[in-house]
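Step one of this worksheet: look at the structure below.
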């Protein structure tokens, strides 16, 4: 009787067995594949992730937005843009030539600053209107000949400005100061032209270099400051003048006098409005923040800006 010998698997049989096992187990593996829900929070940390195994595509869009690499080198300087001239603001403000004589100057420029405190500089911005008269035979006016033309004088309710006075100006005369000056058609005494001028109060003592502010509409007149008319006939009719029997008036008094003494012509109207330094004494100083009703005119190096108080 012959015994059966143990059969050894051939190589082809081994390959067949492996293929069968893979075929039977493939679906089971797919069914039991590990997902994100099967991973416990904080179970996988950065030390457990091999370098360069995660790519940008492996992250969500939201996560990609948080990724930021190191800052790169600064790029080269771009080309210089074209140069353009400085723009002058509000060209309707300028020197009024017919009211300027000699070498007197009215020009917009920076400053003046008398110290480092805020109150030591111009009340608005960084500049002011600089006025110079070399002697009492010179005068200068800087104003607007366009924007106020035709406005009624009676419409002026708030007027004021800021100005400087040096000790040298004061030594020549305590009231050596710039003024507010309007050219108007008064319709008084059959005259169609006069200047209406505000003279500010003189400092009681010799000032240090600093800025002063005056409310011309609040000045009661009657003393050494107030409003007057330069035309002799108009001043005589209104009594707002500098001759005997006349006096400096308040703004309201001067306006009412124009109405009371109207010669039958149109109501008194403005021709020009600005600031001036007349023929009296040498003066070097500045003006800023000219107020006309609800507008304040800020004198700056490149023009006149309009602000509201």
Checked 152, 207 against criteria (at pLDDT below 95 and at negative phi); the one match is 207
Picking from 181, 195, 225, the residue that is closer than 17 Å to residue 258 by Cβ and more than 30 Å from the chain's Cα centre (by Cα) would be 195
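I need a count of the residues in region 174-188 that are over 18 Å from residue 276 (Cα atoms) and surrounded by 22 or more Cβ atoms within 10 Å (Cβ to Cβ). Full working, then the answer.
If we filter region 174-188 for residues that are over 18 Å from residue 276 (Cα atoms), which is where we start, we get 185-188.
Cutting the leftovers down to surrounded by 22 or more Cβ atoms within 10 Å (Cβ to Cβ) gives us 186, 188.
Residues flagged as over 18 Å from residue 276 (Cα atoms) and surrounded by 22 or more Cβ atoms within 10 Å (Cβ to Cβ) within region 174-188 amount to 2.
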Note: among 97, 147, 171, just one is more than 25 Å from residue 201 (Cα to Cα), out of contact with any strand residue (DSSP E or B) (no Cβ under 7 Å at 6 or more places or on another chain) and loosely packed, with under 14 Cβ neighbours inside 10 Å, namely 97
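Within region 64-73, does at least one residue satisfy the condition of being assigned to a loop (DSSP other than H, G, I, E, B) and surrounded by 10 or more Cβ atoms within 10 Å (Cβ to Cβ)?
Taking region 64-73 and keeping what is assigned to a loop (DSSP other than H, G, I, E, B), we get 67-73.
Imposing the further condition that a residue be surrounded by 10 or more Cβ atoms within 10 Å (Cβ to Cβ) reduces the set to none.
No, the conditions are met nowhere in region 64-73.
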For residue 235, the lone unmet condition from (1) assigned to a helix (DSSP H, G or I); (2) modelled with pLDDT under 95 is (2)
Among 206, 279, 191, the single one that is surrounded by fewer than 17 Cβ atoms within 10 Å (Cβ to Cβ) and touching a helix residue (DSSP H, G or I) at 6+ places or on another chain (Cβ under 6 Å) is 206
Those residues of region 154-168 that are surrounded by fewer than 21 Cβ atoms within 10 Å (Cβ to Cβ) and not in a strand (DSSP E or B) come to a total of 7
Scanning region 292-307 residue by residue, those in a strand (DSSP E or B) and touching a strand residue (DSSP E or B) at 6+ places or on another chain (Cβ under 6 Å) turn out to be 295, 296, 297, 298, 299, 300, 303, 304, 305, 306, 307
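Yes or no: residue 79 part of a loop (DSSP other than H, G, I, E, B) and under 30 Å from residue 177 (Cα atoms)? Show your work before the answer.
Numbers: part of a loop (DSSP other than H, G, I, E, B): yes; under 30 Å from residue 177 (Cα atoms): no.
Taking the combined requirement at face value, the residue does not satisfy it.
Among the residues of region 90-105, is any touching a helix residue (DSSP H, G or I) at 6+ places or on another chain (Cβ under 7 Å) and at pLDDT below 95? Give the steps one after another, and end with the answer.
Quick first cut of region 90-105, residues touching a helix residue (DSSP H, G or I) at 6+ places or on another chain (Cβ under 7 Å) only: none.
Scanning region 90-105 turns up no residue that is touching a helix residue (DSSP H, G or I) at 6+ places or on another chain (Cβ under 7 Å) and at pLDDT below 95.
Hey, any hits in region 125-146 for a residue that's in contact (Cβ under 8 Å) with a residue 12 or more places away in the chain, within 30 Å of residue 259 (Cβ to Cβ) and in a loop (DSSP other than H, G, I, E, B)? Talk me through it step by step, then tell me what you get.
Narrowing region 125-146 to residues in contact (Cβ under 8 Å) with a residue 12 or more places away in the chain: 125-146.
If we keep only those that are within 30 Å of residue 259 (Cβ to Cβ) too, we end up with 139, 141-146.
With the extra rule that they be in a loop (DSSP other than H, G, I, E, B), the set shrinks to 145-146.
Yes, region 125-146 contains at least one residue that is in contact (Cβ under 8 Å) with a residue 12 or more places away in the chain, within 30 Å of residue 259 (Cβ to Cβ) and in a loop (DSSP other than H, G, I, E, B).
The values are calculated or read from the model by the stated rules, or taken from the named source; none is laboratory data. Owing to the predicted nature of the structure, the values given are computational and were not obtained by experimental measurement. Backbone-built Cβ (ideal geometry, glycine too); neighbour counts: all protein chains shown.
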